[in-house]
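Mind looking over this structure? Questions follow.
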Amino acid sequence: MCSLALFPPPPPPGDITLYEYNNALVSGRGNEKLPRPVQAQVEDLPTLTIPKETLKAHSRLEHSAKPAFVHHREMLWKRCINAWRDVGVAGVLEELANAEGEGDLNQELGEPSWTDSAKQLAVQWLKAGSRCTLALCRWVSSLHGSFFPHLSLPSEDMIAEFSPAVDWAGCSIRAFAWHPHTSKFAVALLDDSIRVYNAKSATIPILKHRLQRNVASLAWKPLCASILAVACHSCVLVWHLDPTSLSTRPSSGCAQVLSHPGHCPVTSLAWAPSGRLLLSASPVDTAMLVWDVSTENCVQLQWFGGGGVTYLAWSPDGSKVLAATPSAVFRVWEVQTWTCEKWPTIKGPCRTGCWSPDGSRLLFTVQGESVIYSLSFLEYSGELQGQVGGSKTASVVADLSETTFETLYGEERIGGEVHSMVWDPRGERLAVVIRGNYSSSNCRTIIAVFRTRNSPVFELLPCGFLQGEDGAQPQLVSFHPCFKKGAVLTVCWSTGKVSHIPFFFVSGPFPSFSSPQSPLVPLGSQSSAREQPLFSEL
Amino acid sequence: MSPVAREQQLLLRQILGWRAAASIAWSVFLLPLCTAAFISISTIDLFHPIQWITSSFNDLYTSYVIFCLLLMSMVILIISIFNVEFHAVVPSIPCSRLALISKVIHPQQVIHSVVHAVMGMLMAWCAAVMTKGKFLFLSIPCTASESPADDVPYMCLNEYHLFLLLLGAFMGYSYSLRYLVHNMNYLPFPIIQQYKYLRFRRALPLLAKQSCVESLYMVRNFCAAYYFFGYIPRAWIITTMNLHIDSKLHPLDTVAGLLDLSLLYHSWLCGVFLLITWYITWLLFRIYSTEAHHFPVQPTFAEETDRCLPKILNSNPPSILKFLALQDLMFLSQYSSVRRQEVFSLSQPGGHPHNWTAVSRECLNLLNDLTLKLIMHQEAAATNGRLKQPSVEDLRKAPNAPGAAAEESSLQTPRAGILPRAHMPSLVKSSLLSLKTSPVTDLGSNLGSPFSSSPLSNKAGMLELSSPWHGSVQSPHIMRRGPKLWTSYSDLQWTDSLQEPRPSFAVAKVTNEAVQPSFLSLWLQSKKEQIKSFLSKRVLIMYFFSKHSEASIQAVFSDTQMHIWALEGLSHLVAASFTEDKYGVVQTTLPSILNTLLTLQEVVDKHFKLPHVSSKPPRTSGNLADTSYKTLRFALRASLKTAIYRITTTFGEHLNAVQVSTEHNKRLQQFLEFKE
């Protein structure tokens, strides 16, 4: 089963996918005007381009004032006390291991007395002891690291590895989040600032904070006007923005700092759809934290094994949470009593996942495999306490391995591992970022769009490939939370452009029994070939 | 006692009794483990590890260890009984130092301390016996050769044993004081539901760490105390038991005697053992008692009527029962569609939505009470230090609403009687009152017409319309503030401290005399102000009486967990009713719910704008004693906003058809546009 072959060939080079209409993706030249009715729908959504050159990289890397002062030599015990205060036990050990030249000062005074030699001896002993301890610690941590290779990565590489952005380290846009209720979104940029764009207002607040470094993820609080959680290097920042304020630089006093020892870097965040709790996860910490943001209390959900948590997704109905780990296992938590079901995967760690709107189906992908799996869950009612209710096995619903398309402009090879995946709020369109194979040169990162149907049976149909400007690789994808006429997919491109691609379709009220087709009659032959479903439970 | 109350007492005893029993059983079960750890650590011998392990295992089976275990089980039992008896879901927060002192010397607390000291001594005796070595007996044969000729050797005092016993008593007393000062009797409900084992496991490392650190500090303090006062108990014991002092040994109340490393280590270990076992008992009780309880919504049998959720909510049960019921309401509204259906259902003969009426009425009553309380707190904060007369006169001159007087008199509940309620504009009261009573009276009649203008909502709307009550608060004379000595609304009502009778008397007097303002009253007033200002200049008095503003705010919000659950339960139910409520029972109460929520929102907003009110929660340190009651007001603010948003996002544009006052309508529009 090679399902990408059922897709229509990608648009010719130079064309940009503009919108979906009539079940087909329409592409055109970049400077082409959209048809009026289409234009009217997405007019108020801000389209922007943030080229990398305009962003100033942060000037200071050190965040302490130490380098600004002249180095002053102190006694060993004083340095140890300072190190203890700054770093803790590890700092003292480090200081002791590097202690030297303590004797030089004394030697100049002439005859070394017995106290001096005793001191020397003690220092030597301490030095040797702390060196041994440090070596032991390093050995243990390297052993730990050999079980979980990701732990030996420096933290920036770790964020880049697990971030939903394709090229987190190099692209100007690092994270993106739509507000769950209004036309407002936040983008985190390469220079560690965050900009908030609102369709209805011209003010663009720019958020900067001392602790806001290496932003990996953003999340707006549901059922709230303007609270934004930011996953930073060392903490979670929660910005309280006043939606009526005209200020473009909210002070850092508007941000709450949620930090917990051992919980950094934070790479994933998820708000409960009821708006009460915030989950944060770090690939280094085996526990995920449940925050009650208003009171800054947190509860650790400790579950050893797996080596950390890399990706969180809260189901839209609020009943379950997917937590992926860096090793070949992921968990699905049930949120009433916080018990979990463990899912070992065969090939590798779970890369990304998304929930159907009613929380009854989870689609996920695994690193090292180019397929999409589906996992169905029992209908949630409060009666099964402490049970997640997942089915026994996951089924493969789509195979995205590499396929060659013969187009007028030459051969194109598309397919590979899935990097990230989003499902629109109505459960009708699925956008998948397929990361091309690095080894073959002409295989590129591309977005494939599927049409999906969730009830009465789950079905997956091909829709088409999305293409941006020349040389632009998709970086992040996200669906608009409340678009009336269908769905709007927002794509952040590697050029720094953020564009919105509307999909027009009509869907019945939930539960929908009508097929998610465009209002117009399909154009006969063109679409009939494509109606063949990739996957159907029937 | 009414039958309902008796039934509830029974229910409470049933629920809490089982939980307490289970927690005691577990802590007694864990005691041998702690003891084994204690024995093995106290006889630690790194150079002969095998010998050490075997000997400590052998020690476990000896008769005196088993006797100690029995004794300590009894101690644990008594400690648990105190935990159960002293527990509270609403913490009592002393607003000034004097209140704290009065709490410490309260007879109840004295008994608590004394019993804990005795229990601590028992624990220390057990520890001393299990440690063996030089700690084993109180009296030992003298080593000094004073009387070699005698057949009967003199018995000497073993001061090490005495030291440990006194340390145990000291620890017990300190534990009791900590219990009081850190409000350890407060039962915080966890933010997420989890299995008990997981909660216990999560708290265990912190518990062990804190016990170690605390024990260290307590041993230090005890050493200092023993250095100065150690000779008193020693002399007493020696005289009463006719013992001698071994002249060869150092007395322990000297620096050299106290610097005995083995003594310090064993006392520290004894302290750790005591604290860990007691904290485990306390933790288990806390975990068991805050577990969610499942109340039935509809009784399956007739005799269960008093145990189902609406009944419990509506009567006035013991507070922990009410908390559990509200927590259950929150869970059912959020997670269980089946139980929500039961709430929305109609009664079988008659077709009345009794369940929904009871639930919503209780939630609204709670929220309205909170609104009233907050308004009064704000008034108290705003009127500090000014003469109370003007606003009273204003009130008398302007009898605005015709029904106001009657309603006002009916509102004079005994609890509110002493409050400076004259400063609350009457219109707020009446509108609140109408809200408060309306769901009860008008519900049945308004069933048919969901969004039509019911008389109730009209009335409420009209009253609200004509009452921009915040205007009066912003009037200039209220902004005047001066030195304050005793005025906080909160301790007028709650803290039964020493200074309590005086301010209430003063307020009552002022309000009485305000009817005929005379020269005499004015003179009295000025005298009183003079006395106040005179007293407030005395440093010592100020030290004891000065109010910690943060504490008095915390006291206002001390029971707010209840309101948070009511808000969440209500809003989830209303949101679910959009699709699940077949008979439209929720729609009839929607206007009053919205009114209540929006009024509360205004009041809470105003509260956070008061001076001395921090807008951010204080940093919580990793402390075993939960301080979540200090941050409840922030949780309330967040969940109130979320609750309103939950209703507005679910109903959307339909809310425009609901009858609310224009003021509230404006507010609702802002919520609909996500601009709050």
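The values are calculated or read from the model by the stated rules, or taken from the named source; none is laboratory data. What you see is a predicted model, and the numbers here were worked out from it, not measured in a lab. Backbone-built Cβ (ideal geometry, glycine too); neighbour counts: all protein chains shown. What goes into the accessible areas is simple: the full protein's heavy atoms, side chains included, and nothing from ligands, DNA or RNA. Shrake-Rupley method; radii C 1.70, N 1.55, O 1.52, S 1.80 Å.
Does A:Glu369 satisfy the condition of being acidic (Asp, Glu), within 11 Å of chain B (Cβ to nearest Cβ), over 16 Å from the mean Cα position of the chain (by Cα) and crowded, with 19+ Cβ neighbours inside 10 Å?
no
Then there's this: Here are some conditions: (1) more than 14 Å from every other protein chain (Cβ to nearest Cβ); (2) open to solvent by less than 10 Å² (accessible area, probe 1.4 Å); (3) of a type in the set (Asp, Glu). A:Glu334 meets all but one. Which one does it not meet?
Just one mismatch for A:Glu334, condition (1).
Among the candidates B:Phe67, B:Phe29, B:Phe47, B:Phe82, which residue alone is surrounded by 18 or more Cβ atoms within 10 Å (Cβ to Cβ) and free of Cβ contacts under 8 Å to residues at least 40 places away in the same chain?
B:Phe82
Of the conditions (1) β-branched (Val, Ile, Thr); (2) assigned to a loop (DSSP other than H, G, I, E, B); (3) away from chain B (no Cβ under 12 Å), A:Val196 satisfies every one except a single condition; which number is it?
Just one mismatch for A:Val196, condition (2).
How many residues does region B:303-358 contain that are farther than 16 Å from B:Ile564 by Cα, within 14 Å of another protein chain (Cβ to nearest Cβ) and among the hydroxyl-bearing types (Ser, Thr, Tyr)?
3
Among the residues of region A:320-331, are any open to solvent by 10 Å² or more (accessible area, probe 1.4 Å), away from chain B (no Cβ under 14 Å) and part of a strand (DSSP E or B)?
Among the residues of region A:320-331, at least one is open to solvent by 10 Å² or more (accessible area, probe 1.4 Å), away from chain B (no Cβ under 14 Å) and part of a strand (DSSP E or B), which makes the answer yes.
While we're on this one: How many residues does region A:164-180 contain that are in a loop (DSSP other than H, G, I, E, B) and either closer than 19 Å to A:Pro51 by Cα or in contact with a helix residue (DSSP H, G or I) (Cβ under 6 Å, 6 or more places away or on another chain) (or both)?
8
Also, I was wondering about something else. Filter region A:1-15 for residues that are buried (at least 20 other Cβ atoms within 10 Å of the Cβ) and more than 14 Å from A:Thr407 (Cα to Cα) and give the result.
A:Ser3, A:Leu4
Further, regarding this structure: Taking the condition of being open to solvent by 10 Å² or more (accessible area, probe 1.4 Å) and touching a Lys or Arg at 6+ places or on another chain (Cβ under 9 Å), how many residues in region A:170-191 meet it?
So the count comes out to 8.
Out of (1) open to solvent by 30 Å² or more (accessible area, probe 1.4 Å); (2) among the aliphatic types (A, V, I, L, M); (3) modelled with pLDDT of 90 or more; (4) in contact with a helix residue (DSSP H, G or I) (Cβ under 9 Å, 6 or more places away or on another chain), what's the single condition that is false for B:Val75?
(1)
If you don't mind, another one. Given the conditions (1) open to solvent by 40 Å² or more (accessible area, probe 1.4 Å); (2) farther than 21 Å from B:Gln601 by Cβ; (3) more than 14 Å from every other protein chain (Cβ to nearest Cβ), which single one is not true for B:Asp369?
Status for B:Asp369: all satisfied but (2).
Restrict the check to region B:612-626 and report whether at least one residue is within 20 Å of B:Asn365 (Cβ to Cβ) and either away from chain A (no Cβ under 11 Å) or of a type in the set (A, V, I, L, M) (or both).
No: zero hits.
Please give the helices (runs of 4 or more DSSP H) falling wholly within region B:253-353 in which 3 or more residues are open to solvent by less than 30 Å² (accessible area, probe 1.4 Å) and touching a residue at least 60 places away in the same chain (Cβ under 8 Å). Full working, then the answer.
Numbers: elements: B:255-258, B:261-289, B:309-314, B:319-335, B:337-344.
Because the criterion is at least 3 residues that are open to solvent by less than 30 Å² (accessible area, probe 1.4 Å) and touching a residue at least 60 places away in the same chain (Cβ under 8 Å), the helices (runs of 4 or more DSSP H) in region B:253-353 that meet it are B:261-289, B:319-335, B:337-344.
Also, I was wondering about something else. Between B:Glu568, B:Glu602, B:Glu580, which is among the acidic types (Asp, Glu), open to solvent by 10 Å² or more (accessible area, probe 1.4 Å) and more than 33 Å from the chain's Cα centre (by Cα)? Spell out how you get there, then give the answer.
On the way: B:Glu568 fails: more than 33 Å from the chain's Cα centre (by Cα); B:Glu602 fails: more than 33 Å from the chain's Cα centre (by Cα).
Exactly one of B:Glu568, B:Glu602, B:Glu580 is among the acidic types (Asp, Glu), open to solvent by 10 Å² or more (accessible area, probe 1.4 Å) and more than 33 Å from the chain's Cα centre (by Cα), namely B:Glu580.
Of all residues in region B:627-654, how many are open to solvent by 50 Å² or more (accessible area, probe 1.4 Å) and either closer than 17 Å to A:Pro273 by Cα or not in a helix (DSSP H, G or I) (or both)?
Within region B:627-654, the first condition is being open to solvent by 50 Å² or more (accessible area, probe 1.4 Å), and the residues that meet it are B:630, B:637, B:641, B:649, B:653-654.
Now drop any that are not either closer than 17 Å to A:Pro273 by Cα or not in a helix (DSSP H, G or I) (or both), which leaves B:641, B:649.
Result for region B:627-654: 2.
Report yes if A:Val309 is open to solvent by 20 Å² or more (accessible area, probe 1.4 Å) and closer than 12 Å to A:His263 by Cα, otherwise no.
The answer is no for A:Val309.
Here's something else I'd like to know. Can you confirm whether A:Cys264 is at pLDDT below 95 and within 14 Å of chain B (Cβ to nearest Cβ)?
Against the criterion (at pLDDT below 95 and within 14 Å of chain B (Cβ to nearest Cβ)), A:Cys264 does not qualify.
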